[in-house]
Amino acid sequence: MTETTSTVLSAQVRAEIDRWLTRYPPEQKRSAVLEALRYAQQENDGYLTENIMDAVADYLNMPRIAVYEIASFYTMYNLTPVGKQVINICTNISCMLCDAEKMVEHLQTRLGIGLNETTADGKFTLREVECLAACANAPVAQVGKKYYENLTPEKIDAMLDELG
Ligand code: FES
């Protein structure tokens, strides 16, 4: 373990990564990278820094650039600070055909922010994402592990009340 790894990743994050590593052959440590980034992000107020990504790469013996590529590809990873709740609103084709644009406008009005912005109180970040794989129930938003489906402005109000 490098000095970077031991100072940047907490013992708890390293323990979680180690738990995942037991599932893969020793020469396939990089298979645990998604979970490693998830735990590291969770512990850092919901976002990843370059230091953290480097530490994960070193811990898994993989090239740092490969970790940057993964972290920047998946929308579940945040590379800048985010609010306590990250609202991912889908605007892909099925949702777009079911008034996703109207839902985005409603969210922006209610929160007083634009896409990829965070409310001044740090409670919410609003992001536009690609298909969330719930097209049958479009339009859809996702917050953490929860999906909000068949959205209407009224359902968005209820969602914000619930999350608030
Ligand atoms: S297009 Fe929005 S969930 Fe698939």
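The values are calculated or read from the model by the stated rules, or taken from the named source; none is laboratory data. Computed from a predicted structure; not experimentally measured. Backbone-built Cβ (ideal geometry, glycine too); neighbour counts: all protein chains shown. When the accessible area is computed, the model is the full protein with side chains, heavy atoms only, and any ligands, DNA or RNA have been set aside. Shrake-Rupley method; radii C 1.70, N 1.55, O 1.52, S 1.80 Å.
How big is D, in µm² s⁻¹, for region 5-164 by Stokes-Einstein at 10 °C and 1.306 mPa s if Rh is the Kirkwood radius over C-alpha pairs? So the translational diffusion coefficient is about 94 µm²/s. Using a 4.7 Å Cβ-Cβ cutoff, the cysteines of the chain lacking any partner cysteine are C98, C131, C135. Taken over region 32-73, the percentage of Cα pairs per 5 Å bin, counting from 0 up to the bin with the maximum distance, is 5, 27, 43, 20, 5. Using heavy atoms of the protein chains and a probe of 1.4 Å, the accessible area assigned to Y74 is about 90 Å². Counting only Cβ charges, +1 for Lys and Arg and -1 for Asp and Glu, the dipole size of region 20-164 around its Cα centre is about 360 debye. The calculated FRET efficiency for the pair A136 and D45, based on their C-beta separation and a Förster distance of 30 Å, comes to about 0.30.
Values of log10 I(q)/I(0) for region 74-164 across q = 0.10, 0.15, 0.18 Å⁻¹ run -0.21, -0.48, -0.71, by the Debye formula with one identical scatterer at each alpha carbon and no solvent.
Only Lys, Arg, Asp and Glu carry charge here, each on its Cβ (+1 for the first two, -1 for the last two); on that basis region 85-163 has a dipole of about 200 debye about its Cα centre. If the Kirkwood radius is taken over C-alpha pairs of region 3-73, then at 10 °C and 1.306 mPa s the Stokes-Einstein diffusion coefficient equals 135 µm²/s. Of all segments of the chain bounded by trypsin sites (Lys or Arg not before Pro) found in a DSSP loop with no more than 12 other C-beta atoms within 10 Å, the longest spans 24-144.
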